[in-house]
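The values are calculated or read from the model by the stated rules, or taken from the named source; none is laboratory data. Since we're looking at a predicted model, the values are computed, not measured. Here Cβ is always computed from backbone atoms with ideal geometry, including for glycine, and neighbour counts include all displayed protein chains. Accessible surface is based on the protein model in full, side chains and every heavy atom, while ligands, DNA and RNA are left aside. Shrake-Rupley method; radii C 1.70, N 1.55, O 1.52, S 1.80 Å.
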Amino acid sequence: MRLIGNILWLVLSGFWLAVSYAVAGLILCVTIIGIPFGIQSFKLASYSFWPFGRVVIEDPKSGAGGCIGNVLWVVLAGWWLALGHLFTGFLLCLTIIGIPLGIANFKLVMLSLVPFGKDIVSADRVAERDVWMRGPEPIR
């Protein structure tokens, strides 16, 4: 099911969103100061290209630098990338097949506004981590 969702996503919105993130990343990497922002943009481009089967989690190593980075990100690139997700989500919700993809776009709005302090990992990895954290099932 993930494969079908990713292919539909790629065709209907993922390719263009990934291109917009990549263009923003290239523009941000022009200066040395913008390189961390460009790296975030490339990370989001990868996620917006093939999102199903991956999960966004909080990065515990993020601190005050991540907060400052998010404020600068909103000013430099986040607002127009978020508008792209809103516009694409609205257009996708006009069709029945596109409604789940439109909802996925609306969920990406917050990530496109504040990407620092977040990490993108495989959904399988998160499930394995949850099992490891719980420990073995009790014997009844």
Candidates for Cα Rg over 2.2 N^0.38 Å are (i) 1.36; (ii) 1.16; (iii) 1.06, and the calculated one carries label (ii)
Eigenvalues of the alpha-carbon gyration tensor of region 18-89, times 5 and square-rooted, give semi-axes in Å, largest first, of 19, 16, 12
The answer for the chain, counting only DSSP H helices whose Cα atoms cover 15 angstrom or more along the axis and whose Kyte-Doolittle average is 0.0 or greater, is 15-28, 35-49, 79-92, 99-113
To the nearest 0.05, the calculated FRET efficiency linking Ile96 and Ile7 through their beta-carbon distance, R0 being 22 Å, is 0.80
A chain fully extended from Val55 to Phe15 at 0.36 nm per residue, minus the present Cα-Cα distance, gains in nm 12.5 nm
On the formula 1/(1 + (r/R0)^6), with r taken between the Cβ atoms of Leu86 and Cys29 and R0 of 35 Å, the FRET efficiency rounded to 0.05 is 0.85
Quick tally, 1.4 Å probe accessible area for Lys107, Lys118, sorted with the most first, runs Lys107, Lys118
So the FRET efficiency between Arg125 and Leu72, C-beta based with R0 = 30 Å and rounded to 0.05, is 0.50
